[in-house]
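Step one of this worksheet: look at the structure below.
The values are calculated or read from the model by the stated rules, or taken from the named source; none is laboratory data. What you see is a predicted model; the values in this text were computed from it and never measured. In this analysis, Cβ positions are derived from the backbone assuming ideal geometry, glycine residues included, and neighbour counts consider all displayed protein chains.
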Amino acid sequence: MSFEGYFRSLVSGERRGLVDRLLLAFLVMFSVPYGIVVRLRALAYAKGIFRVHRLNRPVISVGNLTVGGTGKTPMVALVTRLLMERGKRVAVISRGYGGSLEGETRIVSDGYTVFLTAAEAGDEPVHLATAVPGLMAVIGSDRHAAGRLALEQLNPDVFILDDGFQHLRLHRDLNILLMDCRSPLGNGHTLPAGLLREPPSALKRADLVVYTRCAGVGAPSVHGTVPSCRAGHSLTGVELLPSGDRQPFEKLRGRRGVAFAGIAEPEAFFASLRDKGVDIVATVPFDDHCRYGEPEVARLAETCRTAGADFLITTGKDAVKLTPLLGGLGPVYVAVLEMRLIDLNPLETAIDKVL
């Protein structure tokens, strides 16, 4: 098991051995000062001690309180499509995490051409620019500078700040907070004893809470007076790489597959594939934001050989990084993930207020 996998199982309470409990108690001691620091930081921005920068276009932030795994990327795609249906030119601002150009301010896509690879710009902005035709994308650790670059060269009508809940340096007109319906606050502890990036009190900064992965169940009541709505994820089909031809899952019936993913919760992805009737004979979990290279390709090829598999299947975020390496593998499919809002009106009402 990877360190990340062990950490998630530790803070979720799955590991209850004596050593595990002692380790968690030790980590709690560090969560307390961490929580104090992030509270003071948020207060400094709220009181004007730290400067908040503005762009002269509406900014919609999509983010979360926890580390990974709330469905942020499909939510950004959903909000983008809602804005485009209103005739808006949309640009997403991303940090560019995991790319070789992380820290630089660069244009990823002008809505027509994707200029950078996932290895350069990170998987999320490239995946979004590829999956949502017409979406413009820029990266930069200084999101205000990235937004200014987009204004100068792309002239968008509205910005989406990807993973922006903690990026308080940039003013946002709408703050959308995603929370996992199954465990919205995790174990209640901040890092490093839990998955929370900030204490639960930070929830009051949200203008709208979207509970994801609801799967037909009611939303937990942790949002107080903040408006909320529910959303569910579903896999809607597969696309064959590199052509992108969309096919239903029925096309994979009678064939054996190896599923792999470098995301926050790969096991949830594997389970979703099995729920769709895909015959998964082996799984290969990689670390979140895995940078694929020859060792990873060799591991996948060997797993296919030993498992007697007919194809590989992965996520969209993994696919944009793997495409240049397909020569050493057999058929590779991408499972198409879409988000569906169970109650759309709160989101539409929130968007209408800022446009």
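Tabulated results
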{"item": "Which listed residue, of Ala137, Ala129, Ala145, Ala150, is part of a helix (DSSP H, G or I), hydrophobic (A, V, I, L, M, F, W, C) and within 19 Å of the chain's Cα centre (by Cα)", "result": "Ala129"}
{"item": "Selection from region 288-320 of residues that are assigned to a helix (DSSP H, G or I), crowded, with 20+ Cβ neighbours inside 10 Å and not charged (D, E, K, R)", "result": "Leu300, Cys304, Gly316, Ala319, Val320"}
{"item": "Test: Phe286 is touching a Ser or Thr at 6+ places or on another chain (Cβ under 9 Å), of a type in the set (Phe, Trp, Tyr) and closer than 21 Å to Gly237 by Cβ", "result": "no"}
{"item": "Lone unmet requirement of (1) surrounded by 18 or more Cβ atoms within 10 Å (Cβ to Cβ); (2) more than 24 Å from Thr306 (Cα to Cα); (3) touching a strand residue (DSSP E or B) at 6+ places or on another chain (Cβ under 7 Å) for Ala215", "result": "(1)"}
{"item": "Residue among Gly134, Gly98 that alone is surrounded by fewer than 17 Cβ atoms within 10 Å (Cβ to Cβ), in contact (Cβ under 8 Å) with a residue 12 or more places away in the chain and on the phi > 0 side of the Ramachandran plot", "result": "Gly134"}
{"item": "Hits in region 329-355 - residues which are more than 17 Å from Lys72 (Cα to Cα) and either part of a strand (DSSP E or B) or within 20 Å of the chain's Cα centre (by Cα) (or both)", "result": "Val332, Tyr333, Val334"}
{"item": "Extreme residue, surrounded by the most Cβ atoms within 10 Å (Cβ to Cβ), among residues of region 1-34 that are of a type in the set (Gly, Ala, Ser) and at pLDDT below 95", "result": "Gly5"}
{"item": "Thr323 within 21 Å of Ala119 (Cβ to Cβ), buried (at least 19 other Cβ atoms within 10 Å of the Cβ) and either polar (S, T, N, Q) or free of Cβ contacts under 8 Å to residues at least 24 places away in the same chain (or both)", "result": "no"}
